[in-house]
Each structure stands twice: as C-alpha cells, then as structure tokens.
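So the structure is just underneath, and the comments pick up after that.
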Amino acid sequence: MTTSSSNLLDSSKSSASSPKSPGLTSLPASDVVFDKATVEKAIDQLAVRLNVDLHNANPIFVAVLHGGLPFTADLMMRFQGCCELAYVHVGRYGHGTTGGELTWHVEPTADLTGRTVVYVDDVLDRGETLAALRTRAQELGAKQVLAAVLVRKAVDDCASHADYIALESPNLFLFGHGMDIDGQWRNLPEIRAVHGA
C-alpha cells in the first residue's frame, strides 16, 4: 500500500501522541509559504541560470551545513557541467530562533585555490554568515566567490548578498526544505512559517 507525502503530513498533525524523535513530535502551528511545486519550479529556474553562467567553470558547490544540504543536492542534480562538492559547517542559531555569534565547526573541505566557489545555503537574512564565508573563501585563494540561497528574507541592512536567489520571503521564521525548527522538519518538501515567531 502506497501512502502519499501529503497523507503523511496530514497524519503528523493528528498523531502527536506517537513520538517520532526526541525533538518535536508533531508539526508546529504554521502556514505554508511556498508549496512543493513552487519550491521545485524556483529551483529549476535558478538552475538554468547556474548552467548558463557556470557550465564551463568547474565550480565547487560548497554546502553550508546543515540547512544548505538539501538545496545543494537539488542544484547539483540539475547542473549539467563538471563540478565538485564540498561543505562547510558554521552555526549561528543553535536551537534558537534568532542568530547569535558565528561558530566555525568545519572549514571548507576542498582546496579553493584558484576556483569558482558557490556557497549554497537555505536562507539569507542578515547576511552575517555569508559575509564571513565569502571572506574566508577569499583568504583561501578562491578566484570567484558566489552564493546561491533557497530563500532570501526581506531584511534591511543585509551584510552580504546572494548571486542566485530561488525565492523571496517576508521576514518570518521559516522551516522545511532544509530549514529547521528545533532541529526538526528539514525534510518537508514545502516551506512553512511558524505562527507568532
């Protein structure tokens, strides 16, 4: 018997009594901001631009963990040229909903010297993380440093910019498609906004 993902999501709303993990056990009160079809279409359109701009550049796609991992996979599966994959692990949120001091867990895992680097992240809000990543890539000798984000939030005085943006959003607390709430729900195919956050 086959169960659709929408049925699984619907059942998660009513089955809070059957824990799935040590964290959140049911879908938080939230609204869909971008449904699965909208997310997929936006990624398709962004990937076309990447292919046109970087087809012959042999870029290194650097996933910004953890949130950027699903979006990195989305883009790499749509990229038609030669490319490499690396990652970097930095954090500002922990289990909170507002960013704090940047913590470096893992430096970029590839030699960036003379390369076109594309940082891939889930969300751009204040831009402090991306600014630090750009600076570090330049220090490590990257020829060109670009950034692709799944969602750019409408935030004033952003410290950096993204070269490739799939979706634009109001400044809401988002989760799904890589973005989490308390470490959970990165696996949702859609993007949701938490009520009252």
So which of 109, 113 is hydroxyl-bearing (Ser, Thr, Tyr), part of a loop (DSSP other than H, G, I, E, B) and in contact with a strand residue (DSSP E or B) (Cβ under 7 Å, 6 or more places away or on another chain)?
109
Does any residue of segment 15-32 turn out to be assigned to a helix (DSSP H, G or I) and either farther than 23 Å from residue 112 by Cβ or at pLDDT 95 or above (or both)?
no
What residue, among those in segment 82-106 that are in a loop (DSSP other than H, G, I, E, B) and at pLDDT 95 or above, is farthest from the chain's Cα centre (by Cα)?
82
Considering only segment 118-197, give the strands (runs of 3 or more DSSP E) lying wholly within it that have at least 2 residues that are in contact with a helix residue (DSSP H, G or I) (Cβ under 8 Å, 6 or more places away or on another chain).
144-153, 164-169
Looking at residue 128, is it out of contact with any strand residue (DSSP E or B) (no Cβ under 8 Å at 6 or more places or on another chain) and in contact (Cβ under 8 Å) with a residue 24 or more places away in the chain?
yes
Could you please let me know if residue 121 is touching a strand residue (DSSP E or B) at 6+ places or on another chain (Cβ under 6 Å), closer than 20 Å to residue 33 by Cβ and modelled with pLDDT under 95?
no
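The values are calculated or read from the model by the stated rules, or taken from the named source; none is laboratory data. Everything numeric in this text was worked out from a predicted model, so none of it was measured. Counting neighbours? That spans all protein chains shown, and the Cβs are built from the backbone with ideal geometry, glycine included.
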